[in-house]
Structures are given as structure tokens and as C-alpha cells.
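Working notes, beginning with the structure itself.
The values are calculated or read from the model by the stated rules, or taken from the named source; none is laboratory data. Just so it is clear, the model here is predicted, and its values are computed rather than measured. Note: ideal-geometry Cβ built from the backbone for every residue, glycine included; neighbour counts use all protein chains shown.
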Amino acid sequence: MQSFIELKIKESQWSPKQIVGYCRTNSIEMVSHERIYQYLREDKAQVGDLWKYTRHKLKHRKRPINGKHQNIKNKISIEKMDNEDKVSILKVLDGFIKSVKIKDIATL
């Protein structure tokens with residue numbers, strides 16, 4: 001089982017879920033994808049190179065993706081804004097809505 005996992009990861013760059021799915025489809029006995037990830041992490045901790053063949057290199061993405069979360073300074077609730085400020089925001093939004101094309105909406 002271990003050699004099969006290593007072969008699929010090194011030569012085909014299969015993910016643990018792909019390995020388990022293939023084995024399920026072909027009635028091959030296999031551990032869970034989580035156990036394969038544990039094995040990869042153990043291999044990495046022991047200075048192995050098996051993790052280098054995974055597509056994501058065992059990266060764990062932290063939220064938020066695009067950098068630190070920052071609060072907007074001096075923000076004001078829309079209920080507390082002057083009418084002039086509300087109108088200017090509505091104009092900006094209206095311009096944005098008019099600039100969006102139908103194909104852009106379909107991809108959202």
C-alpha cells in the first residue's frame with residue numbers, strides 16, 4: 001500500500017483524494033485520504049522528499065488570502081451619513097452597475 005501511494009504521488013502527482021478514489025473504484029484496499037496526508041507530513045518532518053511531489057507542497061492557506069484584515073478608519077454607518085454623502089455613494093454604485101456587462105454577471 002505504501003509503495004502504491006508513493007508511486008502515484010511521485011510519478012503521477014495524484015492527490016491523496018485521487019488515490020483513495022481510484023482505489024475505491026477499482027476495489028483496492030486503501031487507507032483514508034487524511035491518513036495519507038498524515039503520512040506525507042510525517043515524511044516531511046523526517047526530512048523526506050515525498051511532500052515535494054504534491055501539487056500544493058502541503059501549504060496551508062490562512063485566511064484572509066489577500067493579506068491582513070484591516071478595519072476602515074473613521075467609518076460611519078450609512079444611517080448616520082449626510083444626504084450628500086449618501087447621494088455620492090449611490091452615484092458611484094450606479095456607475096459601477098452600469099459598467100458591469102451581462103457576461104461578467106454570469107461569471108460571478
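Condition first: part of a helix (DSSP H, G or I), in contact with a Phe, Trp or Tyr (Cβ under 7 Å, 6 or more places away or on another chain) and surrounded by fewer than 16 Cβ atoms within 10 Å (Cβ to Cβ). Can you find one or more residues in region 17-39 that meet it?
Start the filter on region 17-39 by keeping residues that are part of a helix (DSSP H, G or I), which leaves 17-25, 33-39.
Filter once more, so that each one left must be in contact with a Phe, Trp or Tyr (Cβ under 7 Å, 6 or more places away or on another chain): none.
The answer is no; no qualifying residue exists.
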**Request:** Taking the residues in region 51-102 that are at pLDDT 80 or above and among the small types (Gly, Ala, Ser) as candidates, determine which candidate is farthest from the chain's Cα centre (by Cα).
**Result:** 88
**Residue satisfying all of: in region 1-16; under 12 Å from residue 53 (Cβ atoms) and small (Gly, Ala, Ser); surrounded by the most Cβ atoms within 10 Å (Cβ to Cβ) among these** = 15
**Fill in**
Cβ pairs under 9 Å, 6+ apart or interchain, first in region 22-41 and over 15 Å from residue 3 (Cβ atoms) and in contact (Cβ under 8 Å) with a residue 40 or more places away in the chain, second loosely packed, with under 11 Cβ neighbours inside 10 Å and among the aliphatic types (A, V, I, L, M), ordered by first then second residue, are none
